[in-house]
Amino acid sequence: MLTGRNRSREDSLITRHIGGRQRGSNLQSTNMTITNKCVFNGKEYTMEFPNVTVEQFESSFTRWIGGEVIQSAFSYLDADQREFVMTGTPPHVWDEMFFPAETEN
């Protein structure tokens, strides 16, 4: 299982995203959009996090990278959103990996 302690902070697209926000951006905006790289297929995906401020996300991300379990650091996110933060894998990719469409014979 990938945890905050296993993930390189410097290599994280999330760190570049929140660390590189544009000057004057609104920290109180209630819709975060995060881009992360999937550890399974190497593709970049974007997920929206409604009702989450940049400040709230940054605080949680710092706690998680520092060793706090993700369920505690990001208690306000659902399981799919936490998985996206950890692995960059959106729900549809999980579905494709574990529930592939049956092929016609």
Select from region 11-29 the residues that are part of a loop (DSSP other than H, G, I, E, B) and either in contact with a helix residue (DSSP H, G or I) (Cβ under 9 Å, 6 or more places away or on another chain) or surrounded by 13 or more Cβ atoms within 10 Å (Cβ to Cβ) (or both) and write down the one among them that is modelled with the highest pLDDT.
SER29
Of all residues making up region 30-52, the number that are modelled with pLDDT of 90 or more and hydroxyl-bearing (Ser, Thr, Tyr)
3
List, please: which pairs have Cβ atoms under 6 Å, are six or more places apart or on different chains, and start with a residue in region 31-50 that is farther than 16 Å from ALA79 by Cα and end with one that is among the basic types (Lys, Arg) and part of a strand (DSSP E or B)?
GLU44/LYS37
Pairs, please: C-beta under 7 Å, at least 6 apart or cross-chain, first residue closer than 13 Å to MET32 by Cα and of a type in the set (Asp, Glu) and in region 52-79, second in a helix (DSSP H, G or I) and at pLDDT below 95?
GLU58/ILE18
Give the number of residues within region 49-105 that are surrounded by 15 or more Cβ atoms within 10 Å (Cβ to Cβ), in a loop (DSSP other than H, G, I, E, B) and touching a strand residue (DSSP E or B) at 6+ places or on another chain (Cβ under 8 Å).
6
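The values are calculated or read from the model by the stated rules, or taken from the named source; none is laboratory data. As the structure is a prediction and not an experimental result, all values here were calculated from the model. Neighbour counts run over all protein chains shown; Cβ positions are idealised from the backbone, glycine included.
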